[in-house]
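I have placed the structure first, in the form of structure tokens, so that the comments after it can refer back to it.
The values are calculated or read from the model by the stated rules, or taken from the named source; none is laboratory data. Everything quoted here is computed from the prediction, not taken from an experiment. So basically every Cβ, Gly included, is an ideal-geometry build from the backbone, and we count neighbours across all protein chains shown. The area values use the complete protein model at the heavy-atom level, side chains included, leaving out ligands, DNA and RNA. Shrake-Rupley method; radii C 1.70, N 1.55, O 1.52, S 1.80 Å.
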Amino acid sequence: MAKKYLESWKKAKAKFEADTGKKKPDPKSRFGKIFAKVSSTGFEKSLKAYDAAKTVKEAEKYARAFQSAASDYIPTLDAAGKAARQDGDSVYADACAAMVASLNKITANVFMDLERFGSWPDDLDGFFKSPYWHKLLLKQAKKEYSTENMELFGLILNKKVNSEANAQKAYELYVRVGSQKEVNMSSSTRKLCDKCAQDGKWKAMPWDKVEMEVGVNLADTVARLGAAVADGTA
């Protein structure tokens, strides 16, 4: 979600005014009467609030408000442009068409944002089942230098640690103290893993406990991803 939708709309309005020399249709003209009871204020306020939203819930609320207001304003603007062209005012007609194109683009972007909001995974597993959300979560993890949590969680989730060889490899890479990609976990769980490694009982490795603790680490990353999505930096 980019925090620039209102700015984009203001630029479109500025171009319209520069091209036509008007801020509003002439109320005496036929196409001007179309705007008699219509104002863009509703979606401008929504865009401003949307750009400033701090949470996904707020962003969704204002995105839907903008979408509703724009759905009324775009047809009106389009009708005004067509009426202007019939009246021989091609400059105004072209300016209206450009405004419609700008609004349609903003609406399309907001619609895609709504699709993202609506598909926010219900649980941590969902982030690994969706290519879109997995990519965003991995990007967030890279920012935090914590990709080892995603790697190990994914291996356990997809049952890639069930064989003795894979269990030993995962232990050596992610669990053993001082390992290359050591993940953060409780000393009690790590001791259980160490005991299995010492005894060579790789299939007895308590991956369920490891998964739970790594999941806690990832929950913090998911929370920060949510904030990043809301403020447009994801």
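Please state the relative contact order of the chain as a whole percent: Cα pairs under 8 Å, 6+ residues apart?
It rounds to 23 percent for the chain.
How large is the charge dipole for the range 87-171, taken about the Cα centre, if only the Cβ atoms of Lys, Arg (+1) and Asp, Glu (-1) carry charge, to the nearest 20 debye?
Details: 10 positive and 12 negative charges, 121 e Å.
Magnitude of the dipole: close to 580 debye.
Taking the solvent-accessible surface of protein heavy atoms with a 1.4 Å probe, what is the per residue accessible area of the range 68-113 in Å²? Write out the running numbers ahead of the final one.
Values: 2140 Å² over 46 residues.
About 47 Å² of surface per residue is accessible.
Compute and list, largest first, the equivalent-ellipsoid semi-axes of the range 146-234 from the alpha carbon gyration tensor, each √(5λ) rounded to a whole angstrom.
Square roots of five times the eigenvalues give 27, 12, 10 Å.
How big is the charge dipole of the chain about its Cα centre, in debye rounded to the nearest 20, if each Lys and Arg gets +1 on its Cβ and each Asp and Glu gets -1 on its Cβ?
Values: 40 positive and 31 negative charges, 134 e Å.
Computed charge dipole of the chain: roughly 640 debye.
When only Cα pairs under 8 Å and 6 or more residues apart are kept, what is the percent relative contact order across the range 107-234?
Relative contact order, the range 107-234: 25 percent.
With axes computed from alpha carbons, what is the tilt in degrees of helix 131-143 against the longest principal axis of the chain, rounded to the nearest 10 within 0 to 90?
Helix 131-143 and the main axis of the chain meet at about 70 degrees.
Report the extension gain between residue 72 and residue 45 in nm, rounded to one decimal, defined as 0.36 nm multiplied by the number of residues separating them, less their alpha carbon distance.
Contour length minus the Cα-Cα distance gives 8.2 nm.
With all protein chains present, how much of the accessible area of the chain (probe radius 1.4 Å) comes from carbon and sulfur, to the nearest whole percent? Each step should come with its number before you reach the end.
On the way: 6880 of 13090 Å².
Carbon with sulfur: 53 percent of the solvent-accessible area.
Bins of 5 Å, beginning at zero and ending with the bin holding the largest distance: percent of Cα pairs per bin for the range 103-161, please.
Pair shares across the bins are 4, 17, 20, 21, 15, 10, 7, 4, 2, 1, 0.
Restrict the search to the range 87-160; then list the trypsin sites (Lys or Arg not before Pro) that DSSP places in a loop and that have at most 13 other Cβ atoms within 10 Å of their Cβ.
Here the trypsin sites (Lys or Arg not before Pro) that fit, given the DSSP loop and packing criteria, are 159.
Viscosity 0.890 mPa s, temperature 25 °C: what is the translational diffusion coefficient of the range 67-201 from Stokes-Einstein with a Kirkwood Rh over Cα pairs, rounded to a whole number of µm²/s?
It comes out at roughly 125 µm²/s.
What is the list of residues in the range 148-171 whose amide nitrogen lies under 20 Å from a point 7 angstrom out from the Cα of residue 212, following Cα to Cβ?
149-150, 152-162, 171
Treating the angle as unsigned and between 0 and 90°, give the value, to the nearest 10°, between the Cα long axis of helix 207-231 and the longest Cα principal axis of the chain.
Orientation of helix 207-231: about 20 degrees from the principal axis.
For the range 175-234, what is the accessible area per residue in Å² when the probe is 1.4 Å?
Per residue, the range 175-234 has an accessible area of 53 Å².
Roughly how tilted is helix 147-157, in degrees to the nearest 10 and between 0 and 90, from the longest Cα axis of the chain?
The angle comes out at about 70 degrees.
Using the Cα atoms of the chain to build a convex hull, what is its mean projected area in square nanometres?
If you wrap the Cα atoms of the chain in a convex hull and average its projections, you get 15.2 nm².
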